[in-house]
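The values are calculated or read from the model by the stated rules, or taken from the named source; none is laboratory data. Only a predicted model underlies this, so the values are computations on that prediction, with no experimental measurement involved. Don't worry about glycine lacking a Cβ; one is built from the backbone with ideal geometry, like all the others, and counts go over all protein chains shown.
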Amino acid sequence: MAFHEAAKKNDVLAMTQLLDQKTNINAKNNLNRTALHFAVAGNHMQAVSFLLGHKARVDIADKHGLTVLHLAAWSADLTILQMLIKSGVSQKATNQDGMNVLHFAAQNDKNDIVDYLIKDLQLKDLNIMDKRKRKPFHLAAEKGHIDMITKLIELELFTLEKDKEGNTALHLASKNGHSSVVETLLETWTESEIDEPNESGATPFYLAAEGGHMGCAELLLNRGSNINTATNDGYGALHIAAQNGYTSFVSFLLNNGIESTPKADERNNPFHLALLNNHMKTIDILLEKKYDINATNTRQQTPLHLAAEYKNTDLVEKLLIAGCDLTITDKQRKTPLGTAARSNHILIVDMIIKAERYYSWKKGLIDNTEQEEQEEILTFKQDHSSKTRLIRSALWNLAYKHLKPDEWKKMAQGWKFTEAQIKAIEEQWTGKESYKEHCHRLLLIWLHGVLLAKENPIKALYEVLVQMGHKQTAENFREDSSNGNNTEVKKCCIS
């Protein structure tokens, strides 16, 4: 509509020409907006003055209930708002959300407009709740307008009331990270009011944690807020911070003495939540702070169960190195190894078996002080190092070209692999010759333990092959794996 476009551009000449052509000055578009709506929204003084001078209606609300007065409080200067008031605009009109001109002025930090409405026009009765039960003070706090908050307190429009969701202004400021507003509000709030919960049971401190707003959290904590409060769902600040991956905030909570012992009936504890959302840095902090990595959720799953289920090899590695309990069973009576086997993630199956054998070996040592000092960086991941390349190649050749279908299990039993470990390896199915891959995996797992114990794998496997009647295969293996030189094998790192 040309007349509307002219109003948007503050083009008084074009509007004059269009009116001379009998254009309807109050014509509406599909949103029920007139040219005056556009002129006010654009803060176009000349266009507004022209339209008011030509008796444009000021009482038309658009499709959302917005009047020109609302728009003036939203985006225009005080002068335009005063012009509209003098033209008889309804001062108390509300939009479809129940918001009036004072709501819009407070929400958009229009201090001069608020002063005019309250001091000059004495319209304190505009200080009402909208349909969300929010007063102008709530809206200013939510937006973080510290000057407006100060102004409303000065005008005695401060309120402790709650909105429809049970939030006070302190809740809203904390949720949105407005630390300057929080600081000002705390000068008025009493200690008992600081931890007032909303409808979901969240306190301002919890909402600060939910948003990762450490500045707000510190202010609240210093004023006596309870760091251990929980929502109706049983979630505390540590849960939500871990779930959202706020690593610094998690560290802040733990450093300030938050209760970090997992509860038995938790759906998921903070460690589970960090894991499920793949927040590795947060997990590192929890591990560093000695958080209980063996605590279970309502499905009786430890973090390792979940890491195995979701095939997260990096996290499995962290948990295995941290020494998590490998024997805990979930509600389906599965250990983490069983979970990994069910998920058909062979890398994790092999990692867990390596860890089981490593910790069993370590436990059996009478005095492992010297041994531990000699150990290199521990890892349970698949070995791709150049130092073990020759022997790994020889093991592949042995598994795929020389051993019979039933021989890998005999070797496993001889090396004291448990039935559960053998079964987990056997879960993998690649066809009729799956046993070759089973054997290959077995040999690599065995190699990990032998190298870790600082034993010579070539000598050990040579003896086993001879005992099984594979004298020539043993000779070939020794030649293939060392290429006539044992030096590299002796230098092997843990695989």
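Every listed requirement among (1) surrounded by fewer than 21 Cβ atoms within 10 Å (Cβ to Cβ); (2) farther than 18 Å from ALA105 by Cβ is met by THR150 save one, (2).
Just checking, does the range 304-315 include any residue being small (Gly, Ala, Ser), in contact with a Pro (Cβ under 7 Å, 6 or more places away or on another chain) and on the phi < 0 side of the Ramachandran plot? Yes: one or more hits. Contact map, the range 201-213: residues that are under 9 Å from SER174 (Cβ atoms) paired with residues that are hydroxyl-bearing (Ser, Thr, Tyr) and at pLDDT 95 or above, Cβ distance under 6 Å, separation 6+ or inter-chain. Pairs shown: PRO204/SER174; PHE205/SER225; LEU207/SER174; ALA208/SER174.
Residues considered: ASP147, ASP163, ASP130. Of these, the only one that is touching a residue at least 24 places away in the same chain (Cβ under 8 Å) and either assigned to a helix (DSSP H, G or I) or farther than 30 Å from GLY65 by Cβ (or both) is ASP147.
Hey, does the range 341-357 have a residue that's modelled with pLDDT of 90 or more, outside any loop (DSSP other than H, G, I, E, B), under 20 Å from CYS439 (Cβ atoms) and of a type in the set (Asp, Glu)? Taking every residue of the range 341-357 in turn, at least one turns out to be modelled with pLDDT of 90 or more, outside any loop (DSSP other than H, G, I, E, B), under 20 Å from CYS439 (Cβ atoms) and of a type in the set (Asp, Glu). Here LYS432 passes the criteria (1) under 30 Å from LYS334 (Cα atoms); (2) at pLDDT 90 or above; (3) assigned to a loop (DSSP other than H, G, I, E, B); (4) charged (D, E, K, R) except the one numbered (2). Determine, yes or no, whether GLY98 is at pLDDT 95 or above, surrounded by fewer than 17 Cβ atoms within 10 Å (Cβ to Cβ) and closer than 20 Å to THR34 by Cβ. So GLY98 fails the test.
Just one of (1) buried (at least 17 other Cβ atoms within 10 Å of the Cβ); (2) in a loop (DSSP other than H, G, I, E, B) fails for GLU199. It is (1). Can you confirm whether the range 214-227 contains a residue that is within 20 Å of HIS279 (Cβ to Cβ) and modelled with pLDDT of 95 or more? Among the residues of the range 214-227, at least one is within 20 Å of HIS279 (Cβ to Cβ) and modelled with pLDDT of 95 or more, which makes the answer yes.
Taking the criterion of being over 14 Å from VAL68 (Cα atoms), among the polar types (S, T, N, Q) and loosely packed, with under 15 Cβ neighbours inside 10 Å, the residues of the range 1-45 that qualify are THR16, GLN17, GLN21, ASN24, ASN29, ASN30.
Of all residues in the range 102-132, those that are crowded, with 16+ Cβ neighbours inside 10 Å, charged (D, E, K, R) and closer than 22 Å to ASN198 by Cα total 1. Does the range 177-184 contain any residue that is of a type in the set (Asp, Glu), assigned to a helix (DSSP H, G or I), farther than 26 Å from ASP147 by Cβ and without any contact (Cβ under 8 Å) to a residue 60 or more places away in the chain? Looking through the range 177-184, none of the residues is of a type in the set (Asp, Glu), assigned to a helix (DSSP H, G or I), farther than 26 Å from ASP147 by Cβ and without any contact (Cβ under 8 Å) to a residue 60 or more places away in the chain. Please verify whether LYS175 is under 27 Å from the mean Cα position of the chain (by Cα), surrounded by fewer than 24 Cβ atoms within 10 Å (Cβ to Cβ), at negative phi and charged (D, E, K, R), treating the condition exactly as stated. Yes.
Here PHE417 clears all of (1) buried (at least 18 other Cβ atoms within 10 Å of the Cβ); (2) outside any loop (DSSP other than H, G, I, E, B) except the condition numbered (2).
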